[in-house]
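Participant: This is the structure I want to talk about, given as structure tokens.
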Amino acid sequence: MKLYYFGPMALMLILALACQSELKTPPPAPGGEEEPLSLPKVTVMNRIVPEDIRQDPFTLTKVEMPDQHILALEVSYSGGCQKHRFDLYFTTFFDTSTPEHVAALLAHNDHNDPCDSWQQQTLYFDLSPLAEAYRSHTGKTSGRLVIAFPDAKYEEQEIIYQF
């Protein structure tokens with residue numbers, strides 16, 4: 001009698017684990033055969049107060065631009081039981097150096113995830129709002145910005161964004 005219950009239980013466990021692994025898969029890279037359904041919002045503000053923005057620990061492991069306005073950030077963090085949220089913030093302060101520099105803040109909200117599994121994810125952001133803010137503040141039609149990304153451990157990485 002116990003064998004009748006073991007087969008269906010094992011099948012249900014396998015299906016449940018397969019569904020969970022699908023949820024952790026990052027969206028495909030922009031420009032590939034499949035496009036992500038939506039990109040997280042980029043917020044451009046006059047002033048960023050880091051103390052007002054939730055910052056749970058993470059490590060920024062890679063920064064790249066796969067397309068002209070698409071930024072890809074590879075992050076690692078502890079979790080696995082909750083969906084984590086990342087938001088990208090920029091200030092409208094553009095310095096006068098050549099090329100101009102702008103600071104970015106990548107905010108992480110782990111939603112109090114109690115799990116300790118090490119997760120790795122690639123996040124994609126459309127930087128068009130940053131280009132529009134630059135154009136409206138400087139009056140220039142094109143630009144070249146060095147974007148600095150300090151992560152939660154304050155290890156800075158930079159990338160050039162040309163538009």
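The values are calculated or read from the model by the stated rules, or taken from the named source; none is laboratory data. The model shown is predicted, which means the values in this text are computed figures rather than measured ones. Heads up, the Cβs are rebuilt from the backbone with ideal geometry, glycines too, and the neighbour counts pull from every protein chain shown.
Participant: Considering only residues that are surrounded by 14 or more Cβ atoms within 10 Å (Cβ to Cβ) and of a type in the set (S, T, Y), look in the range 79-124 and name the one that is farthest from the chain's Cα centre (by Cα).
Facilitator: Checking each candidate, the answer is T92.
Participant: A follow-up question, please. Output yes when any residue across the range 73-92 is within 20 Å of N46 (Cβ to Cβ), out of contact with any helix residue (DSSP H, G or I) (no Cβ under 8 Å at 6 or more places or on another chain) and at pLDDT below 90, and no when none is.
Facilitator: First, the residues of the range 73-92 that are within 20 Å of N46 (Cβ to Cβ): 87-92.
Filter once more, keeping what is out of contact with any helix residue (DSSP H, G or I) (no Cβ under 8 Å at 6 or more places or on another chain): 87-89, 91.
Checking which are at pLDDT below 90 leaves us with 91.
Yes, the range 73-92 contains a residue that is within 20 Å of N46 (Cβ to Cβ), out of contact with any helix residue (DSSP H, G or I) (no Cβ under 8 Å at 6 or more places or on another chain) and at pLDDT below 90.
Participant: Enumerate the pairs (first residue in the range 53-68 and outside any strand (DSSP E or B); second residue anywhere and of a type in the set (V, I, T)) with beta-carbon separation below 9 Å, excluding pairs fewer than 6 apart on the same chain, so at least 6 apart or on different chains.
Facilitator: Short answer, once both residue conditions are applied: F58/V75; M65/I159; M65/I160.
Participant: Is one or more of the residues making up the range 125-136 surrounded by 12 or more Cβ atoms within 10 Å (Cβ to Cβ), in contact with a helix residue (DSSP H, G or I) (Cβ under 9 Å, 6 or more places away or on another chain) and either modelled with pLDDT under 90 or closer than 22 Å to T61 by Cα (or both)? Give the steps one after another, and end with the answer.
Facilitator: Filtering the range 125-136 down to residues surrounded by 12 or more Cβ atoms within 10 Å (Cβ to Cβ) leaves 125-135.
Those still in the list that are in contact with a helix residue (DSSP H, G or I) (Cβ under 9 Å, 6 or more places away or on another chain) too: none.
No, the range 125-136 contains no residue that is surrounded by 12 or more Cβ atoms within 10 Å (Cβ to Cβ), in contact with a helix residue (DSSP H, G or I) (Cβ under 9 Å, 6 or more places away or on another chain) and either modelled with pLDDT under 90 or closer than 22 Å to T61 by Cα (or both).
Participant: Touching a strand residue (DSSP E or B) at 6+ places or on another chain (Cβ under 7 Å) and over 15 Å from T43 (Cα atoms): is that true of V102 in this structure? If you could, list the steps in order and put the result at the bottom.
Facilitator: Numbers: touching a strand residue (DSSP E or B) at 6+ places or on another chain (Cβ under 7 Å): yes; over 15 Å from T43 (Cα atoms): no.
Spelling it out, it is not the case that V102 is touching a strand residue (DSSP E or B) at 6+ places or on another chain (Cβ under 7 Å) and over 15 Å from T43 (Cα atoms).
Participant: Something else about it: Restricting to the range 140-163, and then to whatever is of a type in the set (S, T, Y) and at pLDDT 90 or above, can you tell me which residue is nearest to the chain's Cα centre (by Cα)? Steps first, please.
Facilitator: Filtering the range 140-163 for residues of a type in the set (S, T, Y) gives 141-142, 154, 161.
In the following step, the residues that additionally are at pLDDT 90 or above were identified as 141-142, 161.
Details: T141: 27, S142: 25, Y161: 16 Å.
Only one residue tops the list, namely Y161.
Participant: Filter the range 75-115 down to the residues that are part of a strand (DSSP E or B) and within 27 Å of S142 (Cα to Cα) and list them by number.
Facilitator: Of all residues in the range 75-115, those part of a strand (DSSP E or B) come to 75-79, 85-91, 100-109.
Of everything in the range 75-115, those that are part of a strand (DSSP E or B) and within 27 Å of S142 (Cα to Cα) turn out to be D87, L88, Y89, F90, T91, E100, H101, V102, A103, A104, L105, L106.
Participant: Which condition number in (1) over 21 Å from S117 (Cα atoms); (2) surrounded by 14 or more Cβ atoms within 10 Å (Cβ to Cβ) is the one that F58 fails?
Facilitator: Failed condition: (1).
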